[in-house]
1. Within the range 120-165, can you find the residues that are modelled with pLDDT of 95 or more and of a type in the set (Phe, Trp, Tyr)?
2. Please state which one of LYS62, LYS116 is out of contact with any strand residue (DSSP E or B) (no Cβ under 7 Å at 6 or more places or on another chain) and more than 30 Å from ILE6 (Cα to Cα).
3. Of all strands (runs of 3 or more DSSP E) completely enclosed by the range 35-110, which ones contain at least 3 residues that are touching a Leu at 6+ places or on another chain (Cβ under 8 Å) and open to solvent by less than 20 Å² (accessible area, probe 1.4 Å)?
4. Hey, does the range 4-19 have a residue that's loosely packed, with under 12 Cβ neighbours inside 10 Å, in a helix (DSSP H, G or I) and among the hydrophobic types (A, V, I, L, M, F, W, C)?
5. Can you spot a residue in the range 4-20 that is within 26 Å of ASN125 (Cα to Cα) and in contact with a helix residue (DSSP H, G or I) (Cβ under 6 Å, 6 or more places away or on another chain)?
6. Go through the range 20-34 residue by residue and tally those that are part of a loop (DSSP other than H, G, I, E, B) and closer than 22 Å to LEU107 by Cβ.
7. Run MET71 past the list (1) over 26 Å from GLU144 (Cβ atoms); (2) at pLDDT 90 or above; (3) hydrophobic (A, V, I, L, M, F, W, C) and report the number of the one that doesn't hold.
8. For the range 130-153, does any single residue satisfy the condition of being open to solvent by less than 40 Å² (accessible area, probe 1.4 Å), under 23 Å from TYR22 (Cα atoms), in contact with a Phe, Trp or Tyr (Cβ under 7 Å, 6 or more places away or on another chain) and basic (Lys, Arg)?
Amino acid sequence: KEKYGIEKSPLENIEQIKNVAYQFSHNLDRTDQKSLLFVGNTGLGKTFLANCIAKEVISTGKTVVYQTAPMLMDKIISYKFSYNKSPLEKEQYEKIFDVDLLIIDDLGTETMTNNKFTELFNIINTRLLKNKKILISTNLTLNELYEQYDERVMSRLIGNFTICKFIGD
């Protein structure tokens, strides 16, 4: 508790997160299934577990888009502000909203602008309204997320996501 701020060991914690991840990957269509927010320092397995979930979801016949936050935000802004949108670009943009599972890795590493704040909120809010699940991973703490993102984004994350705190060395 003194070292990590929680009552359980890192092993007990990751076993619990593994169970949450397993249930999540097999219950994407359930309306009572929340999306996932992985929070924790670098090197604790967030990206690895996100990839495991993606593999499991794909093996059940569902679709997944996996993208780092910087790449995702750059692609969206590029699409929104381009005049000559190709059919492929349009399809890729629409998949962000319609795919069964959207995984956004490394939230907090992107350079944010007002346009990107708006688009991030739009992605999260639209997917929540459609009952389409999202898995977000970040190296930031919840307090750091509050400092970096606005109230609208944070209220969606806190209210609609199961928060999995990765601990350990």
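1. PHE161
2. Every option except LYS116 fails the conditions.
3. Answer list for the range 35-110: 35-40, 101-107.
4. yes
5. no
6. Looking only at that region, the number is 3.
7. With (1) over 26 Å from GLU144 (Cβ atoms); (2) at pLDDT 90 or above; (3) hydrophobic (A, V, I, L, M, F, W, C) applied to MET71, the lone miss is (1).
8. No; the residues of the range 130-153 include none that is open to solvent by less than 40 Å² (accessible area, probe 1.4 Å), under 23 Å from TYR22 (Cα atoms), in contact with a Phe, Trp or Tyr (Cβ under 7 Å, 6 or more places away or on another chain) and basic (Lys, Arg).
The values are calculated or read from the model by the stated rules, or taken from the named source; none is laboratory data. This structure is a prediction, so every number in the text was calculated from the model and none was measured. Every residue, glycine among them, receives a Cβ derived from its backbone with ideal geometry; neighbour counts consider all protein chains shown. Areas reflect the complete protein model, heavy atoms only, side chains present, ligands, DNA and RNA absent. Shrake-Rupley method; radii C 1.70, N 1.55, O 1.52, S 1.80 Å.
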